[in-house]
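The values are calculated or read from the model by the stated rules, or taken from the named source; none is laboratory data. For clarity, every value in this text was computed on a predicted model and none was experimentally measured. Because the Cβ atoms are built from the backbone with ideal geometry, glycine has one as well, and the counts that use them run over all protein chains shown.
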Ligand code: CS2
């Protein structure tokens, strides 16, 4: 186990916090303490805390759900005083290890509701950051509106002081701030969404309006929602991978993580309650964040789920194994070159071809052993976010569609869950009834599932026919033989 007193006795190959952990104050409340957050925002804040006069920027993490996983995490972080180790691995396998000290505590909201609310309403709190997944913003892709009809949202609207959702918590925190005459804070999304700040605004204001229009108006004035592009590949960690990491680092850590050595964070400078000097620790402020986000999502995340879907159907486990198949790499390269880049504007000075190349090289890093299962999971939400714009441009602009039809067919085959072992992939956005449709052998039924809602209005009977045909081709053949040119 890793604890503050033990930091002194760690091997000297491990970088430990140079600041005094006891001096750190909490100004950031983070919802969704997953591996990506721990390798990204918490990593940047760890560097911030090491700067002079920056010890106010500690983080308290919040988990919203009970269950075996979150409860273990809560127990582990309590035992380790929030500390954990991060291994950063380069494509040549070389690794650097550091202990991250910025996470100063972890609260499991259902068990510590008032504590979470007191952090949210504390005068010291300046930023609420979020990694709540692409589907977590509860937005209807067809209308672009916050879904009030969700059972947990309904619960929170009826019981605003005893919330369950992130919207309920944050808005109750803001209500208390307003009542106490305090100012608001910044809500900073770190999820892969096009315009994640604007989507957060729609979600939180949408919830607040349904609860109390006066409070919603106050929030519009007192809360800022910067857009931000985030990027760092962070695999899941199995028990055995954790044991290997600990053996290599010489740290007995209950919650070790690994990430690639690449990291990027481009943000809008819109922090209503102040911010740490992130530009001093490698983040960039830009007024072109939307362009960065679009490029990242439409190239990196969009191609990631295509590689992962093909890999899954081939029965592979790790993404670098898929990149090693030249036919697959060629196919996805063609898709990006012909179907994505012609309708995508990159940020000033960024060569999108080189950007794509770098991304494919990052995916090929065997030292990461990044799981296909992780990337292919939650395909319904991810497809809506990562593919909508490309699909809309192709369908509206009457551009060539044959590769995109194949991709739609591929996604439905993945949802059908027919990998060699017949193992299901996690699909949290679908109900039991929808999952049955997804798993059926019918070639057309699942076309109606929400996965294609981002371009539902552009779907035609002919397109459905073509998707069904492509599905049949994938099923009846080795997928490598039917990848379109
Ligand atoms: C992946 C991302 O889950 C996914 O779909 O594409 O987690 C990806 O690894 C990160 O966005 C990289 O920044």
Exercise. Based on what the data block shows, is residue 439 more than 30 Å from residue 237 (Cα to Cα) and either more than 16 Å from the ligand (Cβ to nearest atom) or at pLDDT 95 or above (or both)?
Worked result: no
Exercise. Looking at (1) closer than 22 Å to residue 134 by Cβ; (2) more than 15 Å from the ligand (Cβ to nearest atom), can you tell me which one residue 338 breaks?
Worked result: (1)
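Starting from residues that are more than 21 Å from the chain's Cα centre (by Cα) and over 17 Å from residue 291 (Cβ atoms), keep the ones in region 368-399 and report whichever is nearest to the ligand (Cβ to nearest atom).
Step one: of region 368-399, the residues more than 21 Å from the chain's Cα centre (by Cα) are 391-399.
Narrowing further to those that are over 17 Å from residue 291 (Cβ atoms): 391-392, 394-399.
Working: 391: 17, 392: 20, 394: 21, 395: 23, 396: 25, 397: 26, 398: 29, 399: 24 Å.
Applying the filter and picking the extreme gives 391.
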Exercise. Taking region 1-60 as the search range and keeping residues that are within 16 Å of the ligand (Cβ to nearest atom) and in a loop (DSSP other than H, G, I, E, B), which one is farthest from residue 96 (Cα to Cα)?
Worked result: 32
For this session: Test residue 83 against the criterion of being within 22 Å of residue 27 (Cα to Cα), out of contact with any helix residue (DSSP H, G or I) (no Cβ under 8 Å at 6 or more places or on another chain) and surrounded by 21 or more Cβ atoms within 10 Å (Cβ to Cβ), and give yes or no.
Result: no
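Scan region 360-367 and give yes if some residue there is at pLDDT below 95, away from the ligand (no atom under 13 Å from the Cβ) and either in contact with a strand residue (DSSP E or B) (Cβ under 7 Å, 6 or more places away or on another chain) or under 24 Å from residue 262 (Cα atoms) (or both), otherwise no.
Yes, because at least one residue in region 360-367 is at pLDDT below 95, away from the ligand (no atom under 13 Å from the Cβ) and either in contact with a strand residue (DSSP E or B) (Cβ under 7 Å, 6 or more places away or on another chain) or under 24 Å from residue 262 (Cα atoms) (or both).
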Exercise. So which of 93, 101 ends up being in contact with a helix residue (DSSP H, G or I) (Cβ under 6 Å, 6 or more places away or on another chain) and crowded, with 18+ Cβ neighbours inside 10 Å?
Worked result: 101
Exercise. When only residues in region 298-327 that are outside any helix (DSSP H, G or I) and within 18 Å of residue 425 (Cβ to Cβ) count, which is farthest from the ligand (Cβ to nearest atom)?
Worked result: 315
Exercise. For residue 144, are the conditions met, namely being more than 22 Å from residue 179 (Cα to Cα), in a loop (DSSP other than H, G, I, E, B), in contact (Cβ under 8 Å) with a residue 40 or more places away in the chain and in contact with a helix residue (DSSP H, G or I) (Cβ under 9 Å, 6 or more places away or on another chain)?
Worked result: yes
For this session: Determine, yes or no, whether residue 404 is within 24 Å of residue 332 (Cα to Cα) and touching a residue at least 40 places away in the same chain (Cβ under 8 Å).
Result: yes
For this session: Scan region 107-126 and give yes if some residue there is in contact with a strand residue (DSSP E or B) (Cβ under 9 Å, 6 or more places away or on another chain) and closer than 30 Å to residue 362 by Cβ, otherwise no.
Result: no
Seminar exercise, completed: Sole miss for residue 254 among (1) over 23 Å from residue 134 (Cα atoms); (2) assigned by TED's automatic domain parsing to the domain that holds residue 235; (3) buried (at least 22 other Cβ atoms within 10 Å of the Cβ) is condition (3)
Exercise. Out of all the residues in region 203-210, is one or more touching a residue at least 12 places away in the same chain (Cβ under 8 Å) and under 19 Å from residue 450 (Cβ atoms)?
Worked result: yes
For this session: Output the qualifying pairs, or none if there are none: Cβ atoms under 7 angstrom, residues six or more apart or on different chains, first residue in region 19-39 and touching a residue at least 12 places away in the same chain (Cβ under 8 Å), second residue assigned to a helix (DSSP H, G or I) and within 16 Å of the ligand (Cβ to nearest atom).
Result: 30/37; 30/41
